[in-house]
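What follows is a single structure, written as structure tokens, with notes after it.
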Amino acid sequence: MRPAITLGLMSLLAVGVLSGAPFLGMYSIPMEAIFAPLEGNVEAEIFWNLRVPRVMAAFLAGAGLAISGMAFQALFRNPLATPFTLGVASGAALGAALYVRSGLSFALLSISGLSLSAFVGALGSILLVYGLTQIRQGFSVASMLLAGVAISFFFSSLILFIQYMSDFAQSFHILHWLMGNLGVTGMETVLEILPFVVAGALVISLLGQELNLLATGELLAVSRGLNLRRIRSLLFFVTSLTVGGIVATCGPIGFVGMMVPHICRLLVGADHRFLTPATLLFGGSFLTLCDTLARNLIAPAEIPVGVITALLGGPFFIWLLLRRTSEKRLI
């Protein structure tokens, strides 16, 4: 009963966060603004065109990053794994940096050129990592990890080179994007993120039993008839594309995919049938609360939400490291 009760409480938390966050800001929004017509009503326009889309985008991004981190942790059998382990964020950042440095300005189907370039960079990184793992005649966890780390470092060095060769305005634009930002106007950004998160969450939810077997070990998974190569390939592409779609729109928001799955694992256990919905709900609520804090802490200015998650993630990482060390000593 404990996982079911915890899921119920997380559902209530998600509803409360989604309902209350749009009202929190530098200017308080009265309840009457919800039902007022948009034309000529500044409060209604702020509520429906700025705050509601931003809260929805934050919830979707948090849910997608969290469930992707959960899948990677099961795949690598390591609670310190993140959605950015395989270089997807570095590829997206390289695409965004090249777009800013080129000075281009375009949009396709209402999607900005910056988001498109970042997604192309993320997709290129995914294909490059997959190609490198195939060279080793397999799709092992070790080869994926090595390829991802190598690509991530290489792309990061290219980003530094592009920043060095850019002028002040371009360099600041690149740096601001790398911090992660949820400055959303209208529902376009929400609609850009939604397909990636829904598709990724659906596939990962359907693979709950397979994730349980992966988390227990390769030998047991194979003995139960699991096709490791097929499942690894599917998880790799699904989670990477989900993360790529989110990062292309919001920038690389770190530590959500590491912290949230681990916290949920402590609350509902390691069974992915319960862990998956818990991670979705808590991940969305967590990033929405972080973004609410980011836009209110030094209002009217805003702190990039990636800074807030990093400030929380650093101490959490240290705590997790110390906790695992103490557990090994007890054993």
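The values are calculated or read from the model by the stated rules, or taken from the named source; none is laboratory data. Note that the structure is a prediction, hence the values are computed from the model and not measured. Here the Cβ positions follow ideal geometry from the backbone for every residue, glycine too, while neighbour counts run over all protein chains shown. With ligands, DNA and RNA removed, areas are computed over all heavy atoms of the protein, side chains included. Shrake-Rupley method; radii C 1.70, N 1.55, O 1.52, S 1.80 Å.
Annotations for the structure displayed:
- A full extension of the chain between residue 4 and residue 226 corresponds to an added length of 77.1 nm, given 0.36 nm per residue minus the alpha carbon distance.
- Cα centroid separation, region 201-218 to region 60-131 (Å): 22 Å
- Loop-located trypsin sites (Lys or Arg not before Pro) in region 1-82 (DSSP state not H, G, I, E or B) with no more than 11 neighbouring Cβ atoms inside 10 Å do not occur.
- Within the accessible area of region 27-172 (1.4 Å probe), percent carbon and sulfur: 70 percent
- Accessible area expressed per residue, the chain, with surrounding protein chains retained (probe 1.4 Å, Å²): 48 Å²
- More than 33 angstrom apart: percent of Cα pairs within region 3-324: 25 percent
- Accessible surface of residue 32 - all protein chains present, 1.4 Å probe, nearest 10 Å²: 130 Å²
- Local electrostatic count, residue 274, Cβ distance below 13 Å [Lys/Arg +1, Asp/Glu -1]: +2
- Expected 222 nm ellipticity per residue - DSSP helices of 4 or more, -39500 (n - 2.57), all of the chain, to 500: -25000 deg cm²/dmol
- Only protein atoms count toward the accessible area here, which uses a 1.4 Å probe; on region 219-331, the carbon and sulfur part of that area reaches 69 percent.
- When you filter the chymotrypsin sites (Phe, Trp or Tyr not before Pro) in region 1-83 for DSSP loop state and at most 11 other Cβ atoms inside 10 Å of their Cβ, you are left with 27.
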